[in-house]
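Trainee: Before I ask anything, let me first share the structure, which is written out below as structure tokens.
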Amino acid sequence: MRAKRCAGYGLGLLPVLAALGLLVLGLLLFLAALPLRPPPPATPLEPAGTDTSVPVVGRTWPVGSRPAVLRGWEPPATVYGRGHRGVDLAAPAGTPVRAVAAGRVSFAGRVAGKGAVSVELTGTDLRTTYEPVTASVDKGAEVEAGEVIGTVDPTGSHCMTACVHWGLRRGETYLDPLSLLPPWLLRRGPSRLLPVLGVPLPQLRAAVPPGRHGWAQRHQASAGGRARPALSPARPAAPWRPRPR
């Protein structure tokens, strides 16, 4: 009797399970039919230096003239906390990477499979890092601001698009690398005319000394003092011709 009753319960649940299965299958088919949308493109951020303890010694951007900042500086709450220890600058693969300031190359090679270059900045206790980069300089080389130290690698970036990660460290402490750049590099202001040094000013034409006259005065003097219309020697008067009837 008990076995027949259990069998009856099992038969009664079959329609319910079948309905649930159809519902789940329909939901899966509906989700599969939805179009896949690509992730929204990264919105370039407005760059701004945040650390006033960093000397403003940068003279150029690492890539381009004013690249888009895909992700800014996000200092972690703790040493091992989550954050972004640098800035990501948009740059296609093969873009030349430049030293932002003068210094000495302290590392040029690969770290965890990614190419990286580190430069100790002259006169400071700071060093900048660039990755992923194929180095064109060797460790110990002295570089000037704006000098090419490598090119952007096509792989190894953590960005959605090709980029270069630019970092700044003082010892083991990470800092905001944008603080190295002066305001005129961080923001696009109106064009300004700057004074040109070392170029001599144009000399003014000397005045005609007394007793020496120009062409018009000499022409008038030769006419016995009578005033005559001054004709330009470059464009002589056209000869007279009779008017046709």
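Trainee: Would you tally the net charge around Val137, using a Cβ to Cβ cut-off of less than 12 Å, leaving Val137 out, and scoring K and R as +1, D and E as -1?
Mentor: Summing Lys/Arg as +1 and Asp/Glu as -1 gives -1.
Trainee: Another question about this same structure. Taking all protein chains as present, what is the carbon and sulfur share of the accessible area of the stretch 73-190, in % to the nearest whole number, probe 1.4 Å?
Mentor: Answer for the stretch 73-190 is 55 percent, counting heavy atoms of protein chains only.
Trainee: With a 1.4 Å probe and all protein chains kept in place, how do Phe107, Phe30 rank by accessible area, largest first?
Mentor: Sorted descending by solvent-accessible area, the residues read Phe30, Phe107.
Trainee: Taking H placed 1.01 Å from N in the peptide plane, check which residues at least 5 places from Val97 or on another chain put their amide H under 5 Å from its amide H.
Mentor: Ile149, Gly150, Thr151, Val152
The values are calculated or read from the model by the stated rules, or taken from the named source; none is laboratory data. Computed from a predicted structure; not experimentally measured. All Cβ positions, even for glycine, are placed from backbone atoms using ideal geometry, and neighbour counts span all protein chains on display. When the accessible area is computed, the model is the full protein with side chains, heavy atoms only, and any ligands, DNA or RNA have been set aside. Shrake-Rupley method; radii C 1.70, N 1.55, O 1.52, S 1.80 Å.
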